[in-house]
Amino acid sequence: WVNYGGNSQSADQGTAANQPTFLTTQINGLPVVRFDGTNDYLDIASNADLDNGGPYTLRTFFLTIRTGANVTNRQVIYEEGGGSRGLNIYIFNGQLYFAGWNLVSDGAGSPWGFSSINTAVTTNTTYVLSYVYSGNNLGTGNIQGFINGTSFGTIPNVGLLYNHNPGVLGAEISGTYYETGSSSSDGKYFGGDIAEFIHYNTAVNIAQRVIVENYLAS
């Protein structure tokens with residue numbers, strides 16, 4: 001999945017059996033990448049913008065997704081990191097979760113414990129997701145979650161995110177952390193569509209967020 005932003009790191013999957021499917025004219029006549037919920041995922045190579053140039057203080061993700069026929073099983077839409085540090089977006093028991101954590105004493109702004117926020121989602125439905133991470137070295141930052149432009153919660157007491165495993169779209173690979181605790185097994189495959197994935201190395205302000213959300217909604 002070619003990255004047209006300022007970073008040249010595209011999402012990639014070299015194993016044919018694990019490649020999601022590109023489909024045209026799906027959401028508002030635009031294409032999607034469809035993940036089958038069985039074994040599909042895309043890797044993002046390790047790079048300073050995402051995972052190996054920390055500690056990180058600011059981050060924003062925007063995604064346009066369409067859920068599949070199952071929103072009960074645990075499914076990872078996006079994750080970076082592992083059991084000690086990371087950020088993730090996942091579905092479980094009809095709920096969409098945004099989470100973050102840095103459990104190790106890596107330096108200023110750490111550790112800070114796992115926290116998550118969640119909101120209900122339904123099957124076969126399109127959503128615009130906005131994840132805004134704004135940490136600091138005092139551990140008084142936050143993570144904000146928005147779905148279709150509406151806030152569904154804020155995680156308080158967020159610090160810095162130190163170097164961690166690279167990003168993955170559509171699955172848990174090499175571990176992550178959930179509301180039930182750490183996980184070290186690959187899987188939790190997403191069954192649904194991703195139409196857009198946008199990443200900024202800043203915490204966008206309200207006006208910027210609304211501009212991007214309106215663009216994705218149209």
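A short reminder: the numbers here are calculations on the coordinates, not readings from a lab. Quick caveat: nothing in here was measured; it's all calculated off a predicted structure. We place every Cβ from the backbone using ideal geometry, glycine too, and count neighbours over all the protein chains shown.
Of all the options Gly113, Gly167, Gly187, the one that moves most in a Gaussian network model of the chain with Cα springs shorter than 10 angstrom is Gly113.
Helix 206-217 and the longest principal axis of the C-alpha atoms of the chain enclose an angle of approximately 20°. In a reduced charge model with +1 at each Lys and Arg Cβ and -1 at each Asp and Glu Cβ, the chain shows a dipole moment near 400 debye about its Cα centre. Cα centroid separation, segment 130-187 to segment 74-126: 4 Å. The structure-derived value of log10 I(q)/I(0) by the Debye sum over Cα atoms at q = 0.10, 0.16, 0.17 Å⁻¹ appears in the list (i) -0.39, -1.08, -1.24; (ii) -0.66, -1.14, -1.21; (iii) -0.56, -1.26, -1.35 under the label (i). Result for the chain in a Gaussian network model with C-alpha springs under 10 Å: among Thr24, Thr125, Thr57, the largest mean-square fluctuation is at Thr24. Taking label positions 7 Å along the Cα-Cβ direction at both Ala217 and Thr123, the computed distance is 2.7 nm, reported to one decimal.
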